[in-house]
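A short worksheet on the structure shown next.
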Ligand code: UD1
Ligand code: UDP
C-alpha cells in the first residue's frame, strides 16, 4: 500500500509551493497524493491561472469556503476538512505556510490523530498581531514533521522545544519553483511592453499585508513613497488592497499615480521581478523571489521572517511610518552596489524532492 499524503492548499502562495511538492510526491514510488483546495482564494487570477500554468493536478476536493472573517473562514474550513479527512483516511496531512487554510488543515488532522507535516515550518516574525504568526506557531506545534527552509527557521523550532528528530531542514520550496519555472518565464516581455516598462527601469510593488492595507496612514505613506520614487512603478493589486482603494477615494487618488494592474500569473510575475530595478513588497514569497533573481528588495514591514536576506543586505526593512524614511530605503537599494550573495541560503533547489523522500521513508 502506498503512503497516502493529503495536501491542503487554499491561497496563492500555496499553489506555487504545492506545484513543486505535488510534482515530487507524484514522481516518487510508494507515495500517493490527494489534493484539497479549501477555496480561500477563488478568483481565476489568484487560483485557476496557477493550476493551469504550473500544471498542478486538479484538486480532488474543492471545499469552496471563500472569504470571511478569520473565525468564520477557519471554522468552515475545519468542518469541511474534517469530513474529507474522515473519508480519505490519509497517512499524512501536508500543510503549507501560514494562512488560515494551513491552520485549519493542521488542527482538523491533529484532532483526528492524523499526523501533520508542515512545509515552511519554523518561520517567525515574533509579532503576534499578524494572523500569519498565530497560524504558523500553532501549526508548528500541532505538526509531527517540520520541513524548514532555513537555518534560522530550524533554530526557532529548537528554541521552542520541538524535538530535533521532527525537524528536517530541506531548503525553500519556493526556490525550487523559481528554478523549475524560471525558463518558461524567460522572454515573456508582453506585459512589460503593454505597460511601457523598460528592463531595469521600473519598480515592481506588491502590497496586501493586513497591517498595511487596513491602516490608512500606513497605506498612504507607502503609496506616496512609491509615487515619489522617481521611477515607473507597476503594482499588481491584490483584491484585499483593491477593496480598500475602492472604498477610500483619497487612497485611490494616491494609487492612481502608479501603474495599477490586475494580479498576474506566476510566469508573468517572475518576468516582472527579473527585469525590475527594485522590488518593493510586504509579501513573504516576493522578498525571496527578488533575491532568487538578484534584484534588491525593500520590504514594507516592521520585521521579516526571512532575516538572512536583511543580514546579507539584499533586503531592507522599511517600516511605513513616514514617507521620507521609506524613500531613503528605496534610494539606498537603487543606488548602493549590490551585496555579495550566498547560494546556500535556501538549499540547492531540491527541497520538494527531500520532502517526498522523508515522507516515503516514514
Ligand atoms: C491570505 C493570507 C496571507 C497570504 C495571502 C496571500 C490568511 C490569514 N492570510 O491573505 O497570509 O499572504 O493570502 O495572497 O490566511 N478576495 C477576493 N478574491 C479572492 C480571495 C480574496 O476578492 O479570490 C478578497 C476578499 O475581499 C477577502 C480579501 O480579499 O475578504 C482577503 O482575503 P483572505 O483570503 O482573507 O486574506 P488575504 O489578504 O488574501
Ligand atoms: N504572485 C503572483 N502574481 C501576483 C503577485 C504574487 O504570481 O500578482 C506570486 C509571487 O510570485 C509568489 C506568490 O505569489 O510566488 C506570493 O504570494 P503572496 O504575495 O500573495 O503571499 P505571501 O507570500 O506574502 O504569503
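The values are calculated or read from the model by the stated rules, or taken from the named source; none is laboratory data. Worth saying up front: this structure is predicted, and the values here are computed from it rather than measured. Cβ sites come from the backbone with ideal geometry, for glycine too, and all protein chains shown count toward neighbours.
Based on what the data block shows, is residue 5 outside any helix (DSSP H, G or I), within 19 Å of residue 147 (Cα to Cα), in contact with a helix residue (DSSP H, G or I) (Cβ under 8 Å, 6 or more places away or on another chain) and within 16 Å of ligand 1 (Cβ to nearest atom)?
No.
Could you grab me the full set of residues in segment 244-259 that are surrounded by 15 or more Cβ atoms within 10 Å (Cβ to Cβ), assigned to a loop (DSSP other than H, G, I, E, B) and away from ligand 2 (no atom under 16 Å from the Cβ)? Walk me through it before giving the result.
Pass one, segment 244-259, residues surrounded by 15 or more Cβ atoms within 10 Å (Cβ to Cβ): 244-245, 248, 251-252, 254-255, 258-259.
Within this subset, residues satisfying the condition of being assigned to a loop (DSSP other than H, G, I, E, B) are 248, 258.
Once the filter is applied, which keeps residues that are surrounded by 15 or more Cβ atoms within 10 Å (Cβ to Cβ), assigned to a loop (DSSP other than H, G, I, E, B) and away from ligand 2 (no atom under 16 Å from the Cβ), segment 244-259 yields only 248.
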Completion exercise
Going through segment 68-86 in order, the residues found to be free of Cβ contacts under 8 Å to residues at least 24 places away in the same chain and either within 13 Å of ligand 1 (Cβ to nearest atom) or over 22 Å from residue 111 (Cα atoms) (or both) are 68, 69, 71, 72, 76
Problem - Qualifying positions in segment 134-179 - under 27 Å from residue 53 (Cα atoms) and buried (at least 16 other Cβ atoms within 10 Å of the Cβ) - result: 147, 148, 149, 170, 171, 172, 173, 174, 175, 176, 177, 178
Practice task
Evaluate segment 216-233: report whether one residue or more is within 13 Å of ligand 1 (Cβ to nearest atom), under 24 Å from the mean Cα position of the chain (by Cα) and either over 27 Å from residue 56 (Cα atoms) or at pLDDT 95 or above (or both).
Solution key: no
Practice task
Could you list all residues from segment 333-362 that are surrounded by 14 or more Cβ atoms within 10 Å (Cβ to Cβ) and closer than 26 Å to residue 218 by Cα?
Solution key: 333, 334
Completion exercise
Of the residues in segment 12-29 that are under 17 Å from residue 42 (Cα atoms) and out of contact with any helix residue (DSSP H, G or I) (no Cβ under 6 Å at 6 or more places or on another chain), the one that is nearest to ligand 2 (Cβ to nearest atom) is 12
Exercise for the section: Output yes when any residue across segment 52-65 is at pLDDT 95 or above, crowded, with 23+ Cβ neighbours inside 10 Å and either away from ligand 2 (no atom under 15 Å from the Cβ) or under 30 Å from residue 127 (Cβ atoms) (or both), and no when none is. Expected result: yes
Exercise for the section: For residues that are within 16 Å of ligand 2 (Cβ to nearest atom) and under 21 Å from residue 269 (Cα atoms), tally how many sit in segment 214-225. Expected result: 1
Practice task
Name the one entry in 281, 304, 299, 241 that is buried (at least 16 other Cβ atoms within 10 Å of the Cβ), within 11 Å of residue 204 (Cα to Cα) and either touching a helix residue (DSSP H, G or I) at 6+ places or on another chain (Cβ under 7 Å) or without any contact (Cβ under 8 Å) to a residue 24 or more places away in the chain (or both).
Solution key: 281
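Answer with yes or no whether residue 99 is closer than 17 Å to residue 239 by Cα, within 15 Å of ligand 1 (Cβ to nearest atom) and at pLDDT 95 or above.
yes
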Handout entry: Verdict on residue 262 being within 16 Å of ligand 1 (Cβ to nearest atom), in contact (Cβ under 8 Å) with a residue 40 or more places away in the chain and surrounded by fewer than 21 Cβ atoms within 10 Å (Cβ to Cβ)
Key = yes
Exercise for the section: Collect the residues in segment 77-133 that are in a helix (DSSP H, G or I) and surrounded by 24 or more Cβ atoms within 10 Å (Cβ to Cβ), keeping them in residue-number order. Expected result: 77, 81, 100, 101, 102, 103, 104, 105, 106, 108, 109
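Output the residues belonging to segment 43-58 that are under 15 Å from residue 20 (Cα atoms) and touching a helix residue (DSSP H, G or I) at 6+ places or on another chain (Cβ under 8 Å).
50, 51, 53, 54, 55, 56, 57, 58 - these are the residues of segment 43-58 that are under 15 Å from residue 20 (Cα atoms) and touching a helix residue (DSSP H, G or I) at 6+ places or on another chain (Cβ under 8 Å).
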